[in-house]
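Below is one structure; the comments refer to it alone.
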Amino acid sequence: MMGGEFTPLIDAPTRVETEVNLIGSVVEIGLRRQSRGTDFVYTLKIVDERFMDTAFAINFFAEKVEYFPLVGSVGDLLLVFNVKIKKSKEEFYGLFQKRESSFALYDGKPGDECAAYCVSPLYRVRNWHIEGVKVLRTWLTTFQLGAGTNKKLRPIKEMNMEEFDLICKVLHSYEVSASEWTLLVWDGTDTPALNYEITLSDAAEMQLPLEPANPPLSRDVRRNFPTVGSILRVSVKCIKFDAHLVCGGQWVRLRAVTCRRKSSFWGADLTDNSKIRFLSDTDSTVIHRLGSYNDRISSYTGRVSAIPSPITEIISVSGPLVTLLDVVNYSEVTAKFKCVVRVVGAYSCCAENFRETTSGKYVMRFTLEDPTARIHAYLYDEDGVKFFGGYPTVDVLRKKRNELLGIDDEVEENKRVVISPPWIQCCLKSYYLDKNDQWGSRTYRIFGTKLVDYTIA
């Protein structure tokens, strides 16, 4: 058993099966979870002056999650004593032994106060602990949290169903239940487009939802989000999540992320093996992400990455193309916009019902999406006449609908079908239905847009 000194983290791998004392700044956390036995397990990763890129893991096992260290802030100092150095495959880590080891947490910020704020029952403070804390506090004044190695890194635009690491900014988080949280994250790139299976039916319940969460996010929350680049929802299922560390505005590296389709949206999950590494705004990868984003939004067409199909023509609307989240978050209730979107739903969906029986006017509601949002937009009366090129037959209207949705003409009504909609340009206007509740009654409408007939037989 080791006496009164800390082993530098860089030397820990040379002490396998030996008990050592370690000190470092907490830069990465795991998820509290049930072990394969009866205990709970929790991992913290720390760095010091000479061991910064990969971070060194300390694995804690305990009968209750309350026995684990509760880190107050990113960068705080973890002191562990009599931990045994282990090796698993090619990775080294410190094993916190329930009956022999002890820990203490100290504030990582400089200051005269030098008292631990969270300790295990066996911990007894010594002068050399305080000296170690002071040395690391001095070093931390110039240290910047980094992302580590580039292994497994992938941006949102390149994600698929394989496990990967994601460097992103946490925009918002909320509690779903006592054991589940959702993180809304962003890296300035767009999620890949999905195909959907829908029913060609006029039943309202068959339409795709506008948001994956119910109830939807409030306007006050949503208006603070970047309007270019997809916002990915990441599900975190664990026991007592460290939500106070993963706050809005924090850049992180999410390790071992798995992506999947959740309903008709991209979603991601943190697994039992996932870790969250905290990054500074000056990390090289973060700077690169922000630089690519700034280049994108500064160009005339950069806000929209999709190339539109030539199946629509639009009138001139001043200004550049904007995203649907630009539209949703616009500061005024009434405005006009030019967008590139996909039509992922139509209501009424049956061509026979595109027009009212009594008035003969077009009355439709399209579900539009782009990488940032999904909205309902209405097509009404003269705007419908322009859109469809007059009053064509039901067969021609059906072909135009199929072209918008990206489906074959041979499909039958009221059947399940996979749609792969093309990207189209369209003009949108926003307006209100209730003067006394303008924001609450804000609605969108397609105008100044025409389907081109060259593919219609």
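The values are calculated or read from the model by the stated rules, or taken from the named source; none is laboratory data. The structure displayed is predicted, hence computed values, not measured ones. Here Cβ is always computed from backbone atoms with ideal geometry, including for glycine, and neighbour counts include all displayed protein chains. To get the accessible areas, we keep the full protein, side chains included, count just its heavy atoms, and leave off ligands, DNA and RNA. Shrake-Rupley method; radii C 1.70, N 1.55, O 1.52, S 1.80 Å.
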All positions within region 71-117 that are of a type in the set (Phe, Trp, Tyr) and surrounded by fewer than 17 Cβ atoms within 10 Å (Cβ to Cβ): Tyr117
Matching option when the condition is open to solvent by 30 Å² or more (accessible area, probe 1.4 Å) and over 24 Å from Leu153 (Cβ atoms), among Asn214, Asn273: Asn214
One residue from Asp409, Asp395, Asp437 being among the charged types (D, E, K, R) and within 30 Å of Asn224 (Cα to Cα): Asp437
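When you scan region 241-262, do you find a residue that is of a type outside the set (Gly, Ala, Ser) and within 25 Å of Cys339 (Cβ to Cβ), even just one?
yes
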Odd one out for Gly188, checked against (1) in contact with a helix residue (DSSP H, G or I) (Cβ under 7 Å, 6 or more places away or on another chain); (2) closer than 23 Å to Pro422 by Cα; (3) at pLDDT below 90; (4) of a type in the set (Gly, Ala, Ser): (3)
Wholly enclosed strands (runs of 3 or more DSSP E) of region 175-244 bearing at least 2 residues in contact (Cβ under 8 Å) with a residue 24 or more places away in the chain and more than 14 Å from the chain's Cα centre (by Cα): 196-199
Out of Ala346, Ala306, sole residue that is touching a helix residue (DSSP H, G or I) at 6+ places or on another chain (Cβ under 8 Å) and open to solvent by less than 30 Å² (accessible area, probe 1.4 Å): Ala346
Strands (runs of 3 or more DSSP E) contained entirely in region 339-457, each with at least 1 residues that are within 20 Å of Val317 (Cβ to Cβ) and of a type outside the set (Lys, Arg): 363-369, 374-380, 424-432, 442-447, 449-451
Failed condition for Lys361, given (1) out of contact with any Asp or Glu (no Cβ under 7 Å at 6 or more places or on another chain); (2) at pLDDT 95 or above: (1)
Qualifying residue in region 245-254 (condition: over 30 Å from Arg398 (Cα atoms), in a helix (DSSP H, G or I) and in contact (Cβ under 8 Å) with a residue 24 or more places away in the chain): no
